[in-house]
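Q: Sharing a structure here in structure tokens format.
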Amino acid sequence: AVLDFLSEVQLQENVSILMSLPQFESLQGLFTTDLDVNETTAKGAMIVTVLNRNNILNDDGLDMLDYEARAVAIASNITSEFMTGSNKIQTFDEYTIVTEMADVADSDLGTLFPLALLLMVAILLLMYRDFVDMIVAISCLIFAIIWTFGAAVIFNIGVSTISIAVPILVLGLGIDYALHLVFRYRDERGDGTENEEACSNAVGSVGEALLLATITTMIAFLSNISSSMTMIADFGLLSAIGILCSFIIMILVIPSTQSIRDRRAMAKGLPSASIKRYSKRSVDSNDSIGRVAMIGGRLAITKPLVVIIAGVLVLGGFGYAAANVSYQFDVFDFLPEESEAYDMLTFLFDEFE
């Protein structure tokens with residue numbers, strides 16, 4: 001009632017006096033750093049409201065994100081109805097930040113996963129030169145990803161923003177299983193080994209190595225469980241499950257598919273020697289990928305000492321750089337620069353103490 005009778009000048013004078021008093025100095029921190037107490041001007045100010053979580057949940061029947069969403073709506077309405085020019089009210093709330101982080105993760109996954117899948121298809125077609133083997137390998141990878149996130153639901157494993165990397169990780173690591181198994185089986189068949197024995201040799205030799213690789217990779221990811229950050233621990237657990245699912249599916253499906261294809265070929269009277277994908281390839285006259293891979297082998301044979309010295313020098317340089325790496329968490333890294341939450345956080349960090 002008193003404020004209604006004060007003019008703008010009187011109001012500014014009273015505010016200036018109050019803000020200058022020692023007991024009100026702490027309030028100055030609620031204004032932007034350009035605050036001028038004498039002129040009662042500032043670019044912006046913040047109002048801190050403390051909410052009683054239990055009362056909100058009991059009285060209104062809302063969860064916190066719903067409650068925050070309503071607060072955001074109120075602020076938006078005030079801005080649209082009463083604010084002019086560039087003036088506006090914004091809410092610093094978990095709802096906006098979490099929602100925008102989730103939207104970014106969904107958008108990135110929608111772009112990165114198809115891109116990674118497309119690259120896998122291209123690589124498999126280049127290496128296999130067989131459409132069926134490519135389709136089987138890609139299908140196994142997709143099944144492994146479905147198993148992984150199904151396990152996340154069944155075992156109540158948290159899926160966070162960084163979990164976006166798990167499908168890409170399963171694609172990248174799981175494809176190795178398909179390549180090793182198929183090429184080992186083809187080598188066996190190219191040597192004239194019968195179908196059943198070729199399957200047994202492929203799974204018994206390469207499969208054993210892949211199992212050990214799977215175990216060591218899982219141990220590496222499971223070490224993240226010791227992290228005090230829940231999202232890091234969940235990411236490590238989810239990645240380990242993804243690798244295990246990929247191995248199980250590949251070790252069962254890839255040899256089975258090769259065996260079925262061979263049996264159908266034999267049923268049609270086709271000799272294995274006439275099947276192009278089983279033709280034995282010479283290491284020296286390999287394709288372009290093989291020739292690139294042979295560079296390291298030739299250097300190791302002709303100039304082993306030079307290779308070791310070069311490796312030590314490179315290790316020393318990268319080791320020195322690694323010793324000076326800095327680790328920091330920045331919430332801005334999880335938000336797109338054009339988002340409302342990014343603008344809001346930038347304003348808070350730049351303009352307030």
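The values are calculated or read from the model by the stated rules, or taken from the named source; none is laboratory data. The structure displayed is predicted, hence computed values, not measured ones. FYI the Cβ positions are ideal-geometry reconstructions off the backbone, even for glycines, and counts take in every protein chain you see. Keep in mind that these areas ignore ligands, DNA and RNA; they rest on the heavy atoms of the full protein, side chains included. Shrake-Rupley method; radii C 1.70, N 1.55, O 1.52, S 1.80 Å.
Q: Evaluate the stretch 74-92: report whether one residue or more is of a type in the set (A, V, I, L, M, F, W, C), open to solvent by less than 70 Å² (accessible area, probe 1.4 Å) and modelled with pLDDT under 85.
A: No, because not a single residue in the stretch 74-92 is of a type in the set (A, V, I, L, M, F, W, C), open to solvent by less than 70 Å² (accessible area, probe 1.4 Å) and modelled with pLDDT under 85.
Q: Does residue 306 satisfy being more than 30 Å from residue 47 (Cβ to Cβ) and at pLDDT 80 or above?
A: yes
Q: Taking the residues in the stretch 316-351 that are over 20 Å from residue 72 (Cβ atoms) and in a loop (DSSP other than H, G, I, E, B) as candidates, determine which candidate is least open to solvent (accessible area, probe 1.4 Å).
A: 330
Q: Another question, then. Please go through the stretch 144-170 and give me each residue that is touching a Phe, Trp or Tyr at 6+ places or on another chain (Cβ under 8 Å) and either closer than 15 Å to residue 245 by Cα or open to solvent by less than 50 Å² (accessible area, probe 1.4 Å) (or both), ordered by number.
A: Residues satisfying the conditions are 160, 161, 162, 163, 165, 166, 167, 168.
Q: If we keep just the residues of the stretch 124-171 that are β-branched (Val, Ile, Thr) and under 13 Å from the mean Cα position of the chain (by Cα), which is farthest from residue 259 (Cα to Cα)?
A: 161
Q: Still on this model: Contact list please: Cβ distance under 8 Å, first residue in the stretch 87-114 and under 17 Å from residue 49 (Cα atoms), second residue aliphatic (A, V, I, L, M) and outside any helix (DSSP H, G or I), pairs at least six apart or on different chains.
A: Every condition considered, the pairs that remain are 89/83; 92/46.
Q: Now, a different point. Select from the stretch 174-188 the residues that are of a type in the set (A, V, I, L, M, F, W, C) and surrounded by fewer than 20 Cβ atoms within 10 Å (Cβ to Cβ) and write down the one among them that is farthest from residue 126 (Cα to Cα).
A: Filtering the stretch 174-188 for residues that are of a type in the set (A, V, I, L, M, F, W, C) and surrounded by fewer than 20 Cβ atoms within 10 Å (Cβ to Cβ), the one farthest from residue 126 (Cα to Cα) comes out as 183.
Q: Would you please name the residue that is farthest from residue 189 (Cα to Cα), looking only at residues in the stretch 262-301 that are of a type in the set (Val, Ile, Thr) and modelled with pLDDT under 80?
A: Looking at residues that are of a type in the set (Val, Ile, Thr) and modelled with pLDDT under 80, I get 292.
Q: Here is a follow-up. Answer yes if at least one residue in the stretch 189-198 is buried (at least 22 other Cβ atoms within 10 Å of the Cβ) and either touching a Pro at 6+ places or on another chain (Cβ under 8 Å) or part of a helix (DSSP H, G or I) (or both), and no otherwise.
A: Yes, that holds for at least one residue.
Q: So, in the stretch 8-47, how many residues would count as being surrounded by 14 or more Cβ atoms within 10 Å (Cβ to Cβ), among the polar types (S, T, N, Q) and in contact with a helix residue (DSSP H, G or I) (Cβ under 8 Å, 6 or more places away or on another chain)?
A: 3
Q: I would also like to ask the following. Could you check how many residues of the stretch 212-256 are touching a helix residue (DSSP H, G or I) at 6+ places or on another chain (Cβ under 6 Å) and outside any helix (DSSP H, G or I)?
A: Residues that pass the stated criteria total 1.
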